[in-house]
Each structure stands twice: as structure tokens, then as C-alpha cells.
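The next block holds one structure in the form of C-alpha cells; read it before the comments.
The values are calculated or read from the model by the stated rules, or taken from the named source; none is laboratory data. Computed from a prediction, not measured in an experiment: that's the story for all the values here. A quick note on method: Cβ atoms are made from the backbone with ideal geometry, for glycine too, and the neighbour counts reach across all protein chains shown.
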Amino acid sequence: MAEKPTIGDLLEAEAITSDEIEAAVDTVLTKPEVGLYSFGGGYLLDLAAAVRAHPFSHAALSGGDATPSKAQGCSHSDPAGPA
């Protein structure tokens, strides 16, 4: 695994679960200023920094212009979620 694995790397390696990712998303949606978030296995992610670093996520959570072109890099095809 990479020295600095991405969430996708950790998921693919089964080091974390999709349920853990969903819980992290729920956390950042209810508390956008959250700092370090702990995943199983001792992995930490600064959720607020991750959101700030991703234009689409930042725009979506700050009420800004969350356009599809800013969604490049999103792990799912519909940033709004399932219909």
C-alpha cells in the first residue's frame, strides 16, 4: 500500500469499510469544522482539510457553486446522491 494511502486505497485494501466512510461523511455534514477523524485500524483524516482541498465538496458544503465540472475526482457519478 502507498506510504500515504487515499481513502480509496484503504477501502480497496479492506483496511476500512464503506460504513466507516459513510460515518465520516455524516460527521462532516453535521459538523463541517470537524478536525481529525479516526477510521478503524488507526487511520486519521483531517475531514475539514479534505473538504477544503476538494473544490466540489467545499462549494457544496459552503453553499457555493457546486457545478459538475468541480466534481472531477468525486468517487461517485452523482454528487447529489441516489435518486
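Taking into account only those residues within the stretch 1-49 that are among the small types (Gly, Ala, Ser), touching a strand residue (DSSP E or B) at 6+ places or on another chain (Cβ under 9 Å) and part of a loop (DSSP other than H, G, I, E, B), which is modelled with the highest pLDDT?
Here the residue is Ala15.
Enumerate the pairs (first residue in the stretch 49-67 and of a type in the set (A, V, I, L, M); second residue anywhere and at pLDDT 75 or above and outside any helix (DSSP H, G or I)) with beta-carbon separation below 7 Å, excluding pairs fewer than 6 apart on the same chain, so at least 6 apart or on different chains.
Val51/Pro32; Leu61/Pro32
State the number of residues belonging to the stretch 1-22 that are in contact (Cβ under 8 Å) with a residue 60 or more places away in the chain and farther than 20 Å from Ala49 by Cα.
0
Does Ser77 satisfy the condition of being surrounded by fewer than 10 Cβ atoms within 10 Å (Cβ to Cβ) and at pLDDT below 85?
Values: surrounded by fewer than 10 Cβ atoms within 10 Å (Cβ to Cβ): yes; at pLDDT below 85: yes.
For Ser77, the condition - surrounded by fewer than 10 Cβ atoms within 10 Å (Cβ to Cβ) and at pLDDT below 85 - is met.
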